Each structure stands twice: as C-alpha cells, then as structure tokens.
Amino acid sequence: MKDRKALIFLILSLGISFVIPNIVYPEQQKDKPSIRTLTEQYQNGKDNDKRAEILKQLQKMEPTTPEDAEQLRKIIAQKEWDEDLFVTAAELVKKINKPDLAYGLIGILEDEKEMLVNVSKGDKGGKSQRELQGRFGISWLIIQQLGKLKNPNAIPVLKECLQFKGLQYSASEALREIGDKTSSEQMRELAYKGGDVNYGGLGFEEAKKVIADLQDKSKEKQWSQIAKQIVLINDPKIKPYLPPLFTHEKYYVCHESASKFTSMVTQEDIPIINEMLKNTEFGVRHSAIDAIKRLNDKSFGKVLEELLLHDPYSCVRSNAANALGYVKIENSIPPLEKALNDKDLYVRQQTFISLYILTGKKYDFEGKDAVIERIAERQKIIQAPAKRKL
C-alpha cells in the first residue's frame, strides 16, 4: 500500500513538474516581435530583401497598446521620409480600433498640423510633392479614425482641422460622430461661406437652422451655399419643415428640399406628393415621381401617364416612363406605346424599357440599338419577383 501511494505521488509530482514551467516561467516562450522591434530591425538593416520581409511582417501587425501607437507616431514624424515605412504605418493606423489609443493618433495630427499650416500658406518646407500628398492623406485618415473611436479628447485638434481645405468635411464628420456641438457655429459660418463641412447633418437643431436661413431674406446672398447643406440632413424629424421650401423663389432650393423629402417619404405623405406633382418646378415634379417609385404605389398611374405625355421637361417625362415600368402599372401600355414617338431619345429609351418589363416585347422606335435592348433585359430580370424556394 505504501509503495502504491509512493508511486501515485511520484506520478503526480512528475506531471506537475512538466506543467509548472509553462505557467511560472512564461518568459521562456518566444514572444512575437513588437512594432517597435520590427521597425528598428528595418531601419538598422542593410539587406534589402530582409528589409522587405520585415515590412511584410509589420503590415500583418495590429496596434493594440499605447506603445504601438506611439511607435507609429515616431515613424510618421521622422524627418527623413521613408515612403515604404510611411505607407506601412498608414496601413497600421487603419487597424487601430481601441478608443484609448486615440491619444497616439491625436499626437500624430498635432505633429502634422505645422506642415498643414505651412502648406496652406504656400510653404512646402522643402518636401516633395509625393511626401506632402502622403502626409495630407494620413492626416485625413487619422481624422476618420478619430471619428470612429469617438474619443472626446480629439475634439480640440479636430476643430483646428476645420481650417484646412480638403480636411474640412472629414473633420466635421468626425466631430459629428463624436457628438460635439461646441463647433456647431464655427461649422455654420464655414458652410455659409462655401466651406466643405457637414453642418446640416450635425443634428435636428442645425437642420432647422438651415431651413430657417433659407427663408431669411437677409441671407439671400448665401442661399446657394446654404442649400448645399440640405442634402446632408439625416434627421427624419425635419421632414415636416421641408414642404414650404418647394415653392421657394430659388429653383435650387426647391429641387434640393424636394429630393431630401423624397428620401424620407412614407405612405402618410401621399397628399404632399400629389401637390409636388403639380409644382411649377420640374425638379419638384421629378422628385415626386421618385417618391412614387419609393412607395411602389400603383394609385398614381393616371398622373404618371399625364406627365409622360405632356410634361414640357424631358427629364420628367423619362422619369414618368421609368416609374410606370418600375411600379408595373399594366394599364399604362397604350400611353407608353404613344410615348415611343417622343422627340427626346432618352424618353423613348426609358419607355422601351418599361414596355419590355410590362409586355416582354421589344418594340421598335427611332434610336433603338443593341445596348438599350440589353439594358431592358437586365432591368426585367432585376425587377422580376423573387421565386420562392420549395
């Protein structure tokens, strides 16, 4: 019995002795090299083939620690520009997905700010055009990443980036993603002066100001710039504020507001769509047809036929022809056949496509060719109802 116990004890002891070294002495396991180690190996290396292999290793890495982010900052900041290493660092920047690593990205942007200021003044600082493009590109990339990471510590440097053309929009988007409103008025001023910023998309209050400013006669000189913000509005609560702009004295305001309304349309908006179809601005009528297609509503067949045959604008007639096929209004075949004689080729082509969708027949018309036949065939397949799997 004692011998048996001694044997069991010996076996257990031997088993433990094989396990303990892996737990107690993890430093004996060979760790993967860090971004810093690989960078040093690359920079100190003399053999081009080995350096190329190190770059491949680097490209497979993923920055996970503040040290990694700081190493990328050092690579990007070095005065002697190594394009291959710089591009590799840019690829690694794309992989940063931890908010606590935003500090490294903020640091890079702070470093590049001086260059951005100088270039905006026409001073290239002795850098090649290729390097300047690379540095500008990585600034744009970092701004995007900071927006995704949503770290509020990035707000000050992002607000500064609003001054640089080419980075304005990405900076405004990043600030929107973070949820910053302290830059709202700065963006509004920039937008109304023609700056490329997303002010309208900041939120409901900003969207309301855009609508109100387009109705403010004292801001008439800025209307063309203000109207560009309509397309950027993304809060559906703004929908009731848009219809008053459909009769605005400036056609571009009518068009932009109608297009935005259409992107948000629901069945409850049918009365407004009916009014849009009677609007004197062709852009509003065109958007109303888009709304019908969005709702896939067959009740508009008669008005679409009327627009197809009598609207003075070819873009409205062609869109009406397209809608009749898209919504599959079978009763519209006679007016579509008549529209094959329209004076505008594009109207005739859209009419041909809709007739093919509805009838499967390839009608003759002036300007018909093999290309439009193939387009019609593809459209018929796309719009065919999906077959149920048995």
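The values are calculated or read from the model by the stated rules, or taken from the named source; none is laboratory data. All of these numbers come straight from a predicted model, not from anything done at the bench. Backbone-built Cβ (ideal geometry, glycine too); neighbour counts: all protein chains shown.
Against the numbered list (1) farther than 27 Å from LYS121 by Cα; (2) modelled with pLDDT of 95 or more; (3) not in a helix (DSSP H, G or I), LYS181 comes up short only at (2).
Being surrounded by fewer than 18 Cβ atoms within 10 Å (Cβ to Cβ) and under 24 Å from GLU275 (Cα atoms) is the requirement here; does TYR252 meet it? Give the derivation first.
Numbers: surrounded by fewer than 18 Cβ atoms within 10 Å (Cβ to Cβ): yes; under 24 Å from GLU275 (Cα atoms): yes.
Criteria met by TYR252.
From the list LYS362, LYS380, LYS338, LYS302, the one residue that fits, being in contact with an Asp or Glu (Cβ under 8 Å, 6 or more places away or on another chain) and over 22 Å from SER263 (Cα atoms), is LYS362. Scanning the range 267-297 for residues that are in contact with a helix residue (DSSP H, G or I) (Cβ under 9 Å, 6 or more places away or on another chain), assigned to a helix (DSSP H, G or I) and not aliphatic (A, V, I, L, M) yields a count of 12.
When the test is whether a residue is under 30 Å from TYR251 (Cβ atoms), surrounded by fewer than 13 Cβ atoms within 10 Å (Cβ to Cβ), out of contact with any strand residue (DSSP E or B) (no Cβ under 9 Å at 6 or more places or on another chain) and in contact (Cβ under 8 Å) with a residue 12 or more places away in the chain, ASN319 does not pass it. Can you confirm whether the range 216-224 contains a residue that is in contact (Cβ under 8 Å) with a residue 24 or more places away in the chain, surrounded by 17 or more Cβ atoms within 10 Å (Cβ to Cβ) and farther than 23 Å from LYS338 by Cβ? There is at least one residue in the range 216-224 that is in contact (Cβ under 8 Å) with a residue 24 or more places away in the chain, surrounded by 17 or more Cβ atoms within 10 Å (Cβ to Cβ) and farther than 23 Å from LYS338 by Cβ. The number of residues in the range 111-128 being within 16 Å of ILE76 (Cα to Cα), part of a helix (DSSP H, G or I) and more than 26 Å from the chain's Cα centre (by Cα) comes to 3.
Take the conditions in contact (Cβ under 8 Å) with a residue 24 or more places away in the chain, outside any loop (DSSP other than H, G, I, E, B) and within 27 Å of ARG51 (Cα to Cα) and apply them to ALA102. Does it pass? In short, no.
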